[in-house]
1. Evaluate the Debye formula for the range 316-409 with equal point scatterers sitting on the alpha carbons, no solvent, and hand back log10 of I(q)/I(0) at q = 0.11, 0.15, 0.19, 0.26 Å⁻¹, in q order, two decimals.
2. Which value, to two decimals, describes the C-alpha radius of gyration of the range 398-487 once divided by 2.2 N^0.38 Å?
3. Amide H to amide H, which residues 5 or more places from His493 or on other chains are under 5 Å from it, using H placed in the peptide plane?
4. Suppose each label sits 7 Å from its Cα in the direction of the beta carbon; what would the His303-Asp456 distance come out to in nanometres?
5. Which of the aspartates and glutamates could be linked to Lys146 by a straight reach, that is with a Cα gap under 20 Å, when you skip same-chain ones fewer than 8 residues away?
6. In square nanometres and to one decimal, what's the mean projected area of the convex hull around the Cα atoms of the chain?
7. For Val232, what residues show an amide H to amide H distance below 5 Å, using hydrogens built from the backbone and excluding near sequence neighbours?
8. When only the heavy atoms of the protein chains count and the probe is 1.4 Å, how do Asp69, Asp367 rank by accessible area, highest first?
Amino acid sequence: MKPYVNQLGYLPQSKKTAIVAVATSETETPSLDITNIQVCTPAGDCILEKPLIPKGFDVTAGDYVWQADFSELTECGTYIIQAGNVSSYPFRIDTELYSELNVLLCKMLYFQRCGMELEEKYAGKFARPTCHMNPVVLWDEYLKNKTGELDADSMQKFNIRGGWHDAGDFGRYTTAAACALAHILYAYRFFPDSFTQDLNIPESGNGIPDILNECRYELDWLLQMQTADGGVYHKLTTERHAAFVMPHEDLDPMILLPVSSMAVGDFAAVMALASRVYRPFDATFADKALAAALKSYGWLEQHPEFLGFRNSTCGSGTGEYGDSTDLDERMWAAMELYRCTGEDKYLAKTSELFEQHKKPTELGWADISGFAGWALLENRLMTAPKQSRIRLSDAEQALTDRYIKVILQEADRLVSVSETYGYGAAMEINDYVWGSNMVLLNYGMLLSTAYLLTQDSKYFDVAVRQMDYLLGVNAVDYSYVTGVGAHAYEHPHNRITEADGIDETIPGYVSGGPNRRPGDPVAHENIVPGTPPMKCFLDHWSCYSLNEITIYWNSPAIFVAAFLNHIRKTQ
Ligand code: 9MR
Ligand code: ZN
């Protein structure tokens, strides 16, 4: 019956919720022997008492839940919540919380860097040597070489280096990269005031915001994934995932897997976006990114058919990032290029694809349609410098109205889900999938977007609740960010964390989180069938289906933290 709190803390002006929960079944209503919680200082002075409001059975958690709202406490400081004689973990009330969190979340990307030594002055005790510098070969030539059909000297070799390791594995995947970059570049575009911190990375101090320096490292790698005709390779990995070794010890051949139309669409889109974001800092790079985007868009026009990617058809054993449609990638690419060029044909294509899409508000790696919405509404969503309203063409106005409508419909659904379940996460049972924390945070981004469009505080409050869940208001009592909060998970499925021989875990990694259909052996062994979705979690390094880390699970957290940090300044 420990009270669950956001272990990082609460912004002074935001909603503050603590939870008390009792595991039970749907048919029983347990009783509590207390009616109130107390908010106390760590020294034990209790300064506020608030009632526990019963919220009923939360089916996603298997708990009967009571909520206490202590929003009226706005004074900065460190506190605990007392529920009878049980105390919560300590937490802070502070204006800087999400700014501090964002430094860790962004620095994680530096720790994912491939193809460069991480020097001690930037990485501290987590310094490590350069990895993955060998030339890269093509998949079909690699297979022919294996069977003796092609000798090694006759194979084409490419020097493709840099970028971020995707996750706990060392693969580099185009669609995953584009997704993470979109979250972060849009976070910067909408809330530049939340990205003023020095990340202590090699490029720090060069006059460009560090978050853009960090993203540039990924973009420079991504540019190398484009083929001469504008196609883009789906991924660059070894044949199978490496053992649990440090990246520089992974010496297996690195291979380029075939072009997919998802990769081409995402590439075109994110390069177009990058050309706008980087233009004020580096016009040469902006031109290069735009030219690359146009070239890949040309490829899409010449290849109107879907070109998917499946591991099973080629025999690759690393991450798949498979998809059954490229409609959303094509839509996003078209919209980004409309934003860059103003040419009607791109808007017409976006509108056509929008009509074919059932729910164009998705912000994850598989369905990225919502990014087209961000591109379309960019001018309204940018908070600084304040943009003057430009008169839109009738076609753009029509699409804008439709897009705003679907975004607000989805945001209203999320508000109502958050009210339905006691823990306040806008998560239905089916949302607890592999990487459920991405679903949670993508909802946080959607709610942030709805708030920017309407200034309606209900969207802000529910966005806060998503962060509360991530950082401790959940049925397993963990903060899902390493190093953040008194009870943060510590054993991510991450080769580097396991192989580096250092007890401390690199801070700032978002865990994938609970998965109601556990997909790895240790999870299968330990999670009893029928466990409520929110409790299907183990802090175990081996659990890749519950507790891995990836760049695109950190990136939506970066967006939501930047949003909350921006809004607190206006409150
Ligand atoms: O994030 C991906 C998740 O949505 C899928 O269900 C899962 C299984 O296909 O794969 C996840 O992506 C992994 C990728 O394939 C390889 N790098 C690690 C990623 C996170 O687990
Ligand atoms: Zn590497």
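1. -0.33, -0.58, -0.88, -1.48
2. My calculation over the Cα atoms of the range 398-487 gives 1.13.
3. So His493 has HN proximity to Asn547, Glu548, Ile549.
4. 4.2
5. Qualifying aspartates and glutamates at Cα under 20 Å: Glu239, Asp250, Asp252.
6. About 26.2 nm², averaged over all directions.
7. So Val232 has HN proximity to Thr227, Ser260, Val264.
8. The residues order as Asp69, Asp367, largest area first.
The values are calculated or read from the model by the stated rules, or taken from the named source; none is laboratory data. All values reported here derive from a predicted model rather than from experimental measurement. Note that we place each Cβ from the backbone using ideal geometry, even for glycine, and neighbour counts take in every protein chain shown. Each accessible area value is taken on the protein alone, full model and side chains, heavy atoms only, with ligands, DNA and RNA left out. Shrake-Rupley method; radii C 1.70, N 1.55, O 1.52, S 1.80 Å.
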